[in-house]
Every structure is written in C-alpha cells, then in structure tokens.
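Chemist: Sharing a structure, written as structure tokens. Questions coming.
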Amino acid sequence: MAEGKNKIIVYRDWITTFDPLTDDEAGRLIKHFFRYVNDQQPEAPDRLTSLLFEPIKQTLKRDLRRYEKICLRNQQNGTLGGRPKETHNNPKKPSGVKRNPNKPDNDNDSDINISFEFFWNAYDKKEDRVKCERKWNGLTDADREACMAAVPAYVQSTPDKKFRKNPATYLNNKSWTNEIISYPTPVARPYVPPQTPSYINKNYVQPV
C-alpha cells in the first residue's frame, strides 16, 4: 500500500472467488488479504490460498499504480500553480491534460493484470502454449480474474490430466463459466463377515 493510503477498492465480483470456498478456506483467504494490504508481506498458508489470492493481488497492484499516477499528476499541477486560467485559444482545458476526457484512460492498456505464466503453471497441462498465451493476452482483465478464480477447483476436480481439457479449449470456450462437477473420493468400507441367518438353528450339528 502507498504511504498515507488507507482505503482500497473491493470489487463485487470477487464473490465468485469466495462463494465456492468452505468457511475455513474463505477465512484463510480473507486474513491473507488483510495482511497483504497492511504491508505485512504474508506467506500464503497453503497452495489454494496462493492461487486464489493472485488475481486479487494483481487487481490491487493495478489500482495502486493508478492511485500513484493521480497523486503524481496532482502534485505536478500544484507545482505549476494549479489549473491555468481560461484563455481564448484553450478555453476550459488545463494545460496538463492532453488526452480526450471522454476517452478511457489507457495508461495501463499494455499491462496484463495476471501473467500468463501464472495460469500456465496453475492449469498444469502443458499443451499448445503459443495459442494459449495469445488467447490469454487477448482476454479482458475481468475474464482473467474469473478464470483464475475457477481454475483451482477445476484442476482439483480433474486430477487425471487426460480428462482435463486442453488449456486452449478451456480458454476459447470460457470454460470457467461452466459448472464444476466434483466426484467424491470412494471410501473403503471395512470388511464385515457374513452372519448366520436368524432362521438357522444355532444348536444344530450337521451329521458326519
């Protein structure tokens, strides 16, 4: 966090990350979140927390860069004496503003909020890397965050990689929006020896 910055933005769609978690998993994730924003440089307590927190962390970093640019711009404007007076040639337009105010801020257009390497390692099925990286870089920030929120649960539901989708197929079809069906692990039952039916006379001795 920047010095003197006591507020952060929490996004509503982060609920898609927290909802599938158990209370214990969600608790570990939110505690890790608050330790991070308070500059405690925490280590993730487990792999699931690390995977789920990464897209949140990248969003926080992107917001921090924007905040720092605004602070720097305001500082520069203050040094120059603030907003210049209106002139005939440049009415109502500060000299420090060069972009069209109706055009979205493109300062961070070249930034990728979540690196491809993070997806590649988390998905853990190394096929068609070039196609996957090209598709990943073409996704929106929101899509990358939603994808990384779903990948850990999908990977856990497909421990055998031959049943896991090709990563290019997963990205092209936006498969992170699909329902993840987890099959319970079979539980071995203890052996129970057969019992003598109740209608059999227990005192009967078969003749030799």
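The values are calculated or read from the model by the stated rules, or taken from the named source; none is laboratory data. As the structure is a computational prediction, the values presented were derived from the model and not from experiment. We place every Cβ from the backbone using ideal geometry, glycine too, and count neighbours over all the protein chains shown.
Chemist: Quick check: anything in the stretch 44-54 in contact with an Asp or Glu (Cβ under 7 Å, 6 or more places away or on another chain) and in a helix (DSSP H, G or I)? Steps first, please.
Modeler: Filtering the stretch 44-54 down to residues in contact with an Asp or Glu (Cβ under 7 Å, 6 or more places away or on another chain) leaves 48.
Then keep just the ones that are in a helix (DSSP H, G or I); that gives 48.
Yes, the stretch 44-54 contains a residue that is in contact with an Asp or Glu (Cβ under 7 Å, 6 or more places away or on another chain) and in a helix (DSSP H, G or I).
Chemist: Let me ask something additional. If I go through the stretch 35-67 residue by residue, how many of them are farther than 19 Å from Ala150 by Cα, hydroxyl-bearing (Ser, Thr, Tyr) and at pLDDT below 90?
Modeler: The total comes to 1.
Chemist: Mind checking which pairs have a first residue in the stretch 38-56 that is farther than 16 Å from Asp141 by Cα and a second that is among the small types (Gly, Ala, Ser) and part of a loop (DSSP other than H, G, I, E, B), Cβ under 9 Å, 6 or more apart or different chains?
Modeler: What qualifies is Ser50/Ala44; Leu51/Ala44.
Chemist: Residues in the stretch 22-43 that are touching a helix residue (DSSP H, G or I) at 6+ places or on another chain (Cβ under 7 Å) and not in a helix (DSSP H, G or I): how many?
Modeler: Residues that pass the stated criteria total 1.
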